[in-house]
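No value in this document is a laboratory result; all are computed from the given coordinates. Keep in mind the model is a prediction, meaning the values are calculated, not measured. Cβ: placed from backbone, ideal geometry, glycine included. Neighbour counts: every protein chain shown.
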Amino acid sequence: MGQFFMGIDIGTNESKGVLIDGECAIVAKAVTEHETENPKPGFYEHDAEKIWWGDFCKLSKELLAKSGVAPKDVAAVGCSALSADVVPVNKNCAPLRKAILYGIDARATREIEEITEYYGPERMREIFGERELCSSDCMPKILWIKNNEPEVFEKTYKFLTASSYLTAKLTGVYVIDRYLAISSFAPCYRDDLSIDEKLTNEIYCRADQLAEGRETAEVVGRVTAEAAAQTGLLKGTPVVTGTDDSGAEAISTGVLKPGDLMIQLGSTCYIMYCSDRMVNDERIWSEDFLIPGTFCVDGGTNTAGALTKWIRNEVFMDLLALQEGGGENAFSAMADLAADVPPGSEGLIVLPYFAGERTPINDPKARGIYFGLLQSHTRKHLYRAALEGVAYSIAQHVEILKEHGLPIHNFLCVGGGAQNKAWLQIIADVCGHTVKTAEITIGSSYGDAMIAAIGAGRFSDYGELSGYIKGGSEFVPNEENHKLYQGYLSMYERLYEATKPLMHELTDLQGNVQKLEE
């Protein structure tokens, strides 16, 4: 048999794996679901050992069993996972607490303020440029552990992200890739991936508690005997550094050159633009991309699929019951209903801040809103308005790109939400761009396998992948709808500004109530 490449991605609510051949054809795929813990308002966690490593082992074995591929024929393994999360581990890579998740976890608000006060305005600009820290940064989460769980902090050998944790479990090597290191651990990693020991030791943690920076597709270790026994892989199989889910999915869908834009519609929505230069704008993020010589301009919402799932579970219970009884997929039925509602949902606007919000408002205290409700509105209006709310947020990011003179050559949508044709047409109409999908949309795990193939030498660089990524569907914007949506987009933006003080007051009040209850 020929060479095969395995990719596994751990997501917020599910994990996926694929096995591909040397032509990037999928020979096996597998999916498993899991739960996300929400122990307090603004707190989101995973059990790293049970979910991250448990899912990896399960999927690896399933892929080998389904494909019939012998472990010796797996030439390399790549993994990705949730991005700016933190799990402290001991020297045996055993987690010392539940993993703190990415930007949806807003527990470190005080630590963000502490860092800002510590450095002061001038030094903040010097260290971070125009970008301010937010809930998508790892260092405030580490500082939260230091401030609130000192016994855990003292025992920590390494503070890892999910992909770093998986690679360490496979190989015993503690590494982090360029994209995650610079984007999520600023200011601790320099451009050459060395750790700035002075800045790190100054306030966050010891420099030796961070993983070593390496390139994404670099083979950094090999599967250990213990990991082989748990995953079904062959001892000695090469493993690449890996990356976060968004970076891997961008590769899988064809974000390979400046001007390519990816909208990742998963539990959250991640916006990633490949650029030929850095952009300084406090509303969004900009850093080195995982493709050498390029940069990314990106942002993220805290809810997308998580919001539609909530609506399905709380409003469309009958459709979910039919699905569980062997009937039509509930989301497909909901999409058909949404397509029947006129653009603008007949005067209904949703602010999709149901878990606070990241970019472009960077407000962990933001709250979700349904605005304009009338008795004439039905549940299908509620659903379409939620889809439009996420699309308005995407449009805000598109406008920021335009402000900086960054052209969009390819507007690509991926993730579970990309199966919803009504949603993709809404995004095309709101943003005024033709939305494209890739032929294969399984997601980040497909990109992981491609990155593993680069690491194993099957491909010389990322550009060589372009001949293997084929296009799928296209959704052309309706100009009349686009004009209509501009008015709604303006109201969407003004609605947040008008309600922001009340959102913060309500969040603070709830926090006080929570403390009293405890």
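Note on the range 1-96: antiparallel DSSP beta bridges, both residues inside, total approximately 70 percent of the bridges counted. Neighbour counts of other Cβ atoms within 10 Å put Phe128, Phe4 in the fewest-to-most order Phe128, Phe4. Note on Asn280 and Glu117: their simple-model spin labels are 2.7 nm apart, each label 7 Å out from Cα toward Cβ. For the chain, adding -39500 (n - 2.57) for each run of n ≥ 4 DSSP H residues and dividing by the number of residues yields -12500 deg cm²/dmol at 222 nm.
Normalised by the number of residues in the chain, the mean separation of alpha-carbon contacts (under 8 Å, six or more apart) gives a relative contact order of 16 percent.
Qualifying GluC sites (Glu not before Pro) in the range 304-407, where qualification requires a DSSP coil assignment and no more than 13 other C-beta atoms within 10 Å, comprise Glu328. Remark: Thr507, Thr243 ranked as Thr507, Thr243, counting other beta-carbon atoms within 10 Å and listing the fewest first. Taking a straight line from the alpha carbon of Lys402, these lysines sit under 20 Å away, with near neighbours fewer than eight places off in the same chain left out: Lys257, Lys436, Lys483.
Evaluated with a Cβ-only charge set (Lys, Arg +1; Asp, Glu -1), the chain carries a dipole of roughly 860 debye about its Cα centre, given to the nearest 20.
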